[in-house]
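This report concerns only the one structure given below.
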Amino acid sequence: MSRENINILTDADFLLENFIKGDPDSFEKIYKSFYPYLYNYGCQFGIDKSDVDDSIQEVFLDLWDSRNHLNINALKPYIFRCLRNKISRNIFRSLNEKKKEEKYIREEFKIYYSSGTEEVEQNRSDLERRVVDQIEQLSPKQREIIFLIKNDTCFHVTYVTWLFKA
């Protein structure tokens, strides 16, 4: 890099040009300069701060991986748009996973009785509600184990041990 004391807001294009040419110092300078701005922006989405940090790191990994074929006119709006898109995808993915979990709890843990009397139906509903409440209190790993046991999918002791250690 030929310039000293670079101001990221005015010299981002200079850093981008050098980064695209393969200068890792420029990439590091871009990361360190933009990180606080991106972090503050990411926190506005109301997600966990560690998820914001992970999303920023993913954006920069993607930027590094695609540096040879980038076509960016202005770095600042590009990188903020990348973070917004990354967070949106992660939120959407998380919501889909939560919907799948809720559907799984509703559909996979049905309890059936042979008798159709009102008393048995009431007991069944109460029991179902208690089971669902208990399952919702489990950690995601514990719910996964229940799913594996119930569906007998690739289930063995080594896998359970690995789940609880991870």
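The values are calculated or read from the model by the stated rules, or taken from the named source; none is laboratory data. The model shown is predicted, which means the values in this text are computed figures rather than measured ones. FYI the Cβ positions are ideal-geometry reconstructions off the backbone, even for glycines, and counts take in every protein chain you see.
Can you name the residue in the stretch 85-122 that is hydroxyl-bearing (Ser, Thr, Tyr) and not in a helix (DSSP H, G or I) and is also modelled with the highest pLDDT among such residues?
Here is the first cut: in the stretch 85-122, the residues hydroxyl-bearing (Ser, Thr, Tyr) are 88, 94, 104, 112-115, 117.
Next, from what is left, pick out any that are not in a helix (DSSP H, G or I): 112-115, 117.
Numbers: Tyr112: 56, Tyr113: 52, Ser114: 56, Ser115: 55, Thr117: 65.
Here the residue is Thr117.
List every residue pair whose Cβ atoms sit under 9 Å apart, with the two residues 6 or more apart in sequence or on different chains, where the first one lies in the stretch 78-102 and is within 29 Å of Leu138 (Cβ to Cβ) and in contact (Cβ under 8 Å) with a residue 24 or more places away in the chain and the second, anywhere, is in a helix (DSSP H, G or I) and not charged (D, E, K, R).
If the second residue must be in a helix (DSSP H, G or I) and not charged (D, E, K, R), the pairs left are Ile87/Gly42; Ile87/Val52; Ile87/Ser55; Asn90/Ser55; Glu101/Pro140.
I'd like to know if the stretch 124-141 contains one or more residues that are among the hydroxyl-bearing types (Ser, Thr, Tyr), modelled with pLDDT under 70 and out of contact with any Phe, Trp or Tyr (no Cβ under 8 Å at 6 or more places or on another chain). Full working, then the answer.
Narrowing the stretch 124-141 to residues among the hydroxyl-bearing types (Ser, Thr, Tyr): 125, 139.
Pick out the ones that are also modelled with pLDDT under 70 and you get none.
Looking through the stretch 124-141, none of the residues is among the hydroxyl-bearing types (Ser, Thr, Tyr), modelled with pLDDT under 70 and out of contact with any Phe, Trp or Tyr (no Cβ under 8 Å at 6 or more places or on another chain).
Report yes if Asp54 is modelled with pLDDT of 90 or more and under 25 Å from Gln142 (Cβ atoms), otherwise no. Steps first, answer last, please.
On the way: modelled with pLDDT of 90 or more: yes; under 25 Å from Gln142 (Cβ atoms): yes.
For Asp54, the condition - modelled with pLDDT of 90 or more and under 25 Å from Gln142 (Cβ atoms) - is met.
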